Amino acid sequence: MGEQAKLLSQYRFDKAMQCIKVAEHVMQINDYNLVSNRAYYAIFHGMRAVLALERKDFEKHSGVIGYFRKEYIKTQIFPVEASAIIGNAFDSRNESDYKDWYNVSQDDAEIQLQAAIDFLGMVKRYLLSKDVL
């Protein structure tokens with residue numbers, strides 16, 4: 001693993017953490033759809049931080065998710081719960097971003113935000129084990 005891959009991984013992880021900060025901020029102003037959006041993107045950038053170490057990336061979100069599930073969850077590098085976190089966040093973000101009159105509830109926003117924080121904790125442990133962070 002090269003230095004460039006580590007730097008890209010760090011950058012993507014920092015981007016994920018910034019999404020968490022934004023989600024926490026907009027939770028305070030009751031913008032639950034945006035909380036869902038930022039929680040999903042925190043997870044997405046977290047997955048891409050892991051993939052950066054392999055110099056892997058995909059043009060579509062489904063490519064990132066599919067590869068991450070196959071190479072990191074099915075192989076038990078990440079726990080199986082990570083798959084549900086990813087799926088729930090993806091579905092919630094899609095509905096809140098693209099479905100007319102759909103609104104994320106406060107409870108769902110809190111669940112999504114906590115799940116994203118938990119997921120990034122898993123990513124952080126993985127990146128620390130690879131001497132990235």
I need the full set of residues from the range 9-47 which are more than 16 Å from residue 85 (Cβ to Cβ) and among the β-branched types (Val, Ile, Thr), in order please. 22, 26, 29
From the option list 34, 8, single residue qualifying as surrounded by 19 or more Cβ atoms within 10 Å (Cβ to Cβ) and over 18 Å from residue 120 (Cα atoms) is 34
Taking the range 49-97 and keeping only residues that are aliphatic (A, V, I, L, M) and part of a loop (DSSP other than H, G, I, E, B), one is left with 53, 77, 80
Odd one out for residue 23, checked against (1) over 16 Å from residue 124 (Cβ atoms); (2) not in a helix (DSSP H, G or I): (2)
Residues of the range 56-86 that turn out to be under 22 Å from residue 4 (Cβ atoms), surrounded by 12 or more Cβ atoms within 10 Å (Cβ to Cβ) and not hydrophobic (A, V, I, L, M, F, W, C), as a count: 6
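Any read-out appearing in this document is the output of simple, stated calculations on the displayed coordinates, not a laboratory observation. Just so you know, these numbers come straight off a predicted model, no measurement behind them. Cβ: placed from backbone, ideal geometry, glycine included. Neighbour counts: every protein chain shown.
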